[in-house]
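S.K.: Structure incoming, see below.
Any read-out appearing in this document is the output of simple, stated calculations on the displayed coordinates, not a laboratory observation. All values reported here derive from a predicted model rather than from experimental measurement. Positions of Cβ are backbone-derived with ideal geometry, glycine not excepted, and every protein chain shown enters the neighbour counts.
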Amino acid sequence: MQVGVDYYPEHWDPALWAQDALAMKSAGISLVRLAEFAWSRLEPTEGRFDFTWLDEAISLFHAQNIKVVIGTPTAAPPRWLVEQYPDVLPVNHQQQRVYPGVRCHRCYNSPSLRQCAQRIIEQLTQHYADHPAVIGWQTDNEIVANDCHCEHCRRAFTTWLQRKYGALSNLNHQWGTVVWSGEYGSWSQVTTPLGGSPYQNPSLLLDFCRFTSDSAADFNRFQAELIRQYCPDHFITHNLWGYPVVGDYYDLFASMDFAAVDYYPSTDLQHDEKANIYHGALTLDLTRGVKRRNFWVMEQLSGTPGCWHPMSRAPFPGMIRAYAWQSISRGADVVVNFRWRTARVGAEQFWHGLLDHHGHPGRRLREFSQFSQEVARLAEVIDGTQLHNDVAILFSHQQLNAFTVQPQCDGFNYFNNVKQLHRVLVQQGIGIDVINWLERIDDYKIVIAPYLFLENATVVATLERFVTAGGIVVLTTRSGVKHDNNVCQPDDLPGLLSRLAGVRVAEYDPVGHDRQQIRLGAEMVGCSQWCDIVEPTTATILGCYASDYFSGQAAVTVNAFGKGQVYYIGTVLDDRGYQRFFAPIIRACAIEFCPDLPRDVELSIRSDQDKRVLFVLNLSKENKTVALTEYSRYDAFTGEPVAGELLLAPFDVRILIEPRQ
């Protein structure tokens, strides 16, 4: 376990560096990330390198036994590079260059960018390969799939399509370009989706999403290969920035040793729409699922956010510590806070760090120091522990992009609907892995496979094997609708999943915000967005609609398949509906859960062969009381036995050790 900060020596008078390094050491910091935006200082003019300032800063940290992660600076091409090689700039769908003014102004397919990036990465890695303070590298910064339409991207996209479809006639057939006279007569007519209209051929739009995602992943792989050539003993990671995004994080991180995330949970717990890309526990569970192993937080909340939106509220007392422990509870082995000093220059002057503009220690630094001291005390206990959950949710960037290309109805949002499923289970204390929909699932008891809009025969076969062996699968509406090429399949819904689910969808109604009712067992629950009118073939009805013209028709079913069961939810239930639906399934699988867990309290368990470490977090401004199941456990900080109810103050954190029997 380590605690660190992000630091920008190039922004500050060198006279402050030694003072900052000493203060960091006193605060319990053992790691810093440096230089990810410093290309113009590292290479002031083309081919002329100056690492003396970075050498000095790293030496000061090394003297305090603080380790260093260096970021490759490719997210911020310097002015000289843009001036001399304008092809590095992206081109928008109106064929206009996107000029710098902020960061990330680069096209991944630009030969000039690759050439200049290779040079700076080779210089950096050779220079620091043997430095005792440097332990690893972060590639670039928050890579996303560029919507670039330059000539390099057009040619690369054409090559990508030729590899996928072979003959142009096959592309025309697979995309259905006969619609609106969209047929291509030669490869020269194939372009990126120019003009920006969302109503272009949906197969073109989805394949362009895939291409841009692949371009980003290839740029990341290109950097990783260079770093490994010169620094084979250093780790390599990247910092993803949240969900949802176009790029496929599973592909992006294939070349990385482990995943890292930038995590800024909302500081306005009720109304902060500005922070809606950071989805609390879901962001952390998604990050852990990228490599299916523990991860790092490369940027963690330290103060009031503000730059890309008006400033949010200041973190409530205890929030910085609680959310840092939340990251650890869900698999983070290292937490790096952004940032040490709040910037006095540039666009992020109001994205607050641990120290305000005046640089004097205050409440936030004291709270951070408490957290770092606690991590030091418990490092030996937590090191080597991991999460071992019985429930998985399958997540797919392919489905996300397909739903974005063609929205289904008012209020229907793939990511938000996955978030709801995740939230309902977290609110009952259930541990969940969120993993790539294409990966193995043998280790779970329950697999939730929501909204499999695009059919995938391999995924269907994986689910069938899992259920045949005794697993439980939960399927949802809007499954099996399309082939992989984003055209509708001609069979009854849910397509290839029909045999597994034991149902056919006779009709559907995109009800949107028009809320409906379902009788689920003895209880009435709500639903909205979409209503499949389900006809069982081999399944048993669990719930029927109790409203509108489809009242009395099946909505929720279960099908016996092999040794397991498959549930089909033909609509989007409300929270109470999902709670009512999942409770008997969770009980039947003997999975630990806490149906009476107070709102905004989270439970998470990391374990090894000797013990379980239970984290109980109150992520609210109110006092909470938690009744835990009977178990032999003691407080990790005091060593005192813990039994019965826990009383939690606002943003309180309790860490309990449960020895293996």
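S.K.: As a footprinting exposure proxy, order Val297, Val626, Val558 by other Cβ within 10 Å, with the fewest listed first. Don't skip to the answer; put the middle values down first.
M.R.: Details: Val297 29, Val626 18, Val558 21.
With the sparsest Cβ surroundings first, the list reads Val626, Val558, Val297.
S.K.: Over the Cα atoms of the chain, Rg to Rh with Kirkwood Rh, two decimal places?
M.R.: Details: Rg = 26.0 Å, Rh = 26.6 Å.
Result: Rg/Rh = 0.98.
S.K.: Could you give the distance between the Cα centres of the stretch 487-565 and the stretch 189-214, to the whole Å?
M.R.: Using only Cα atoms, the two centres lie 33 Å from each other.
S.K.: Quick check: Cα centre of the stretch 415-476 to Cα centre of the stretch 340-390, how many Å?
M.R.: Rounded to whole Å, the Cα centres lie 34 Å apart.
S.K.: With unit charges on the beta carbons (Lys and Arg positive, Asp and Glu negative) and the dipole taken about the Cα centre of the stretch 1-134, which residue among Gln123, Gln94, Pro73 sits farthest to the positive side?
M.R.: With unit charges placed on the Cβ atoms, the residue in question is Gln94.
S.K.: Here's something else I'd like to know. So how do Lys67, Lys611 line up by other beta-carbon neighbours within 10 Å, fewest first? The partial results should precede the final answer.
M.R.: Details: Lys67 18, Lys611 15.
Ranked by crowding around the Cβ, least crowded first: Lys611, Lys67.
S.K.: Continuing with the same structure: Using a basic spin-label model with each label point 7 Å from the Cα along Cα→Cβ, how many nm lie between Cys409 and Arg515?
M.R.: Once both label points are built, they end up 1.6 nm from each other.
S.K.: For the chain, with the dipole built from +1 on Lys and Arg beta-carbon atoms and -1 on Asp and Glu ones, taken about the Cα centre, which of Val525, Tyr108, Thr625 lies farthest toward the positive end?
M.R.: Thr625
S.K.: Can you tell me the length gained on complete extension of the stretch Glu658 to Arg363, counting 0.36 nm per residue apart and subtracting the Cα distance?
M.R.: Roughly 102.9 nm would be gained on extension.
S.K.: When DSSP beta bridges are limited to those with both residues in the chain, what percentage is antiparallel, rounded to the nearest 5? Could you put the intermediate results ahead of the total?
M.R.: Numbers: 54 of 101 bridges.
So the antiparallel bridges amount to about 55 percent of the total.
S.K.: Here's something else I'd like to know. What is the spin-label model distance, in nm, from Val102 to Thr45 if the labels are put 7 Å beyond Cα along the C-beta direction?
M.R.: 3.2
S.K.: Peptides 253-259, 568-574: what's the order by average Cβ count within 10 Å, highest mean first?
M.R.: On the way: 253-259: 20.0, 568-574: 26.3.
Going from most to least packed, we get 568-574, 253-259.
S.K.: Estimate the FRET efficiency between Ser197 and Ala347 by the formula 1/(1 + (r/R0)^6), using the beta-carbon distance for r and 30 Å for R0, to the nearest 0.05.
M.R.: Numbers: r = 31 Å, r/R0 = 1.04.
Efficiency, from the Cβ-Cβ distance: 0.45.
S.K.: Could you tell me, in Å, what Rg and Dmax come out for the Cα atoms of the stretch 57-119?
M.R.: Spelled out, the Cα radius of gyration and Dmax of the stretch 57-119 are 15.8, 53 Å.
S.K.: Roughly how big is the chain's charge dipole about its Cα centre, with Cβ charges of +1 (Lys, Arg) and -1 (Asp, Glu), in debye to the nearest 20? Present the calculation step by step, with values, prior to reporting the outcome.
M.R.: On the way: 57 positive and 73 negative charges, 28 e Å.
For the chain, the charge dipole is close to 140 debye.
S.K.: How much space per residue, in cubic angstrom, does the convex hull of the C-alpha atoms of the stretch 391-588 take up? Present the calculation step by step, with values, prior to reporting the outcome.
M.R.: Numbers: hull volume 20.8 nm³, N = 198.
For the stretch 391-588, the hull spanned by Cα atoms encloses 105 Å³ per residue.
S.K.: By what distance, in whole Å, do the Cα atoms of the stretch 601-659 stretch along each of the three principal axes, largest value first?
M.R.: Taking max minus min along each principal axis of the Cα atoms, the stretch 601-659 gives 35, 20, 19 Å.
S.K.: Let me ask something else about it. What ranking do Leu204, Leu354 get, fewest neighbouring Cβ atoms within 10 angstrom at the top?
M.R.: Leu204, Leu354
S.K.: Which whole-angstrom value gives the distance between the alpha carbon centres of the stretch 572-588 and the stretch 250-266?
M.R.: First find each Cα centre; the distance between them is then 31 Å.
S.K.: Along Cα→Cβ, 7 Å out, is where each label goes; now give me the distance between the ones at Ile541 and Lys25 in nm to one decimal.
M.R.: 7.4
S.K.: Among the trypsin sites (Lys or Arg not before Pro) within the stretch 396-470, which fall in a DSSP loop and have no more than 14 other Cβ atoms within 10 Å of their own Cβ?
M.R.: Values: sites: Lys419, Arg423, Arg440, Lys445, Arg465; in loops: Arg440, Lys445.
Filter output for the stretch 396-470: Arg440.
S.K.: I need the calculated FRET efficiency for the pair Arg119 and His173, taking r as the beta carbon distance and R₀ as 51 Å, to the nearest 0.05. It would help to have the intermediate numbers written out before the result.
M.R.: Values: r = 44 Å, r/R0 = 0.87.
Computed FRET efficiency for Arg119 and His173 comes out at 0.70.
S.K.: Oh, and also: Tell me, what is the FRET efficiency for Gln126 and Arg499 to the nearest 0.05, using R0 = 60 angstrom and their Cβ-Cβ distance as r?
M.R.: On the way: r = 58 Å, r/R0 = 0.96.
The value I calculate is 0.55.
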